[in-house]
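The values are calculated or read from the model by the stated rules, or taken from the named source; none is laboratory data. Computed from a predicted model, the values in this text were never measured in an experiment. FYI the Cβ positions are ideal-geometry reconstructions off the backbone, even for glycines, and counts take in every protein chain you see.
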Amino acid sequence: MLRHFVHPRFLISRGRAAGVVHAFTLLILALGPGLVHASNPEEDPVYVKKVRPLLDTHCVKCHGPEKQKANLRLDTLKAMMEGGDSGPAVVPGDVEGSNLIAAICYEDADLQMPPDGKLDEEQIEMLKKWVGAMGG
Ligand code: HEC
């Protein structure tokens, strides 16, 4: 019965439309996490669960609400991007250009953070990956 109402041409065009919708859905699925990530990196689970607790423990006593050594605060992502005396501490996606990374890698004898001893390799790698993945 239905046969009488559904013209084959209609079926084809419906098929094509479904294909377009499908491709669009896939695109959204593929881009979705990236879009969410880019729009609010402050809510990124890596930042919330790993980065922030690590910085709270090792950095915020000197770079937070109480003290701002080198005019730098590390208690919010916004503050990290604004940076301190020597510019932004975190440049999203730019591991080499982020002072925070240079400091924790003890690359420069004048800037070694935290001052009382290097973080674990694993923590350093995690922070590098986080900066690298941010903003894309
Ligand atoms: C005991 C205090 C202390 C702790 C803890 C500390 N810092 Fe610092 N930080 C300083 C001081 C002091 C400076 C100024 C430069 C100097 O004297 O070495 C500084 C400077 C910096 C700078 C350069 C800022 C600029 O714009 O000039 C960065 C980046 C930085 N710290 C990152 C960190 C990170 C990341 C941590 C934690 C892993 C950390 N610091 C922990 C005291 C501290």
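None of 59, 105 is within 11 Å of the ligand (Cβ to nearest atom) and either surrounded by fewer than 19 Cβ atoms within 10 Å (Cβ to Cβ) or modelled with pLDDT under 95 (or both) except 105. Which residues, counting only those in segment 70-92, are free of Cβ contacts under 8 Å to residues at least 12 places away in the same chain and outside any loop (DSSP other than H, G, I, E, B)? If the condition is that a residue be free of Cβ contacts under 8 Å to residues at least 12 places away in the same chain and outside any loop (DSSP other than H, G, I, E, B), then 79, 81, 82 are the ones that fit.
Scanning segment 108-136 for residues that are surrounded by 12 or more Cβ atoms within 10 Å (Cβ to Cβ) and out of contact with any Leu (no Cβ under 8 Å at 6 or more places or on another chain) yields a total of 12.
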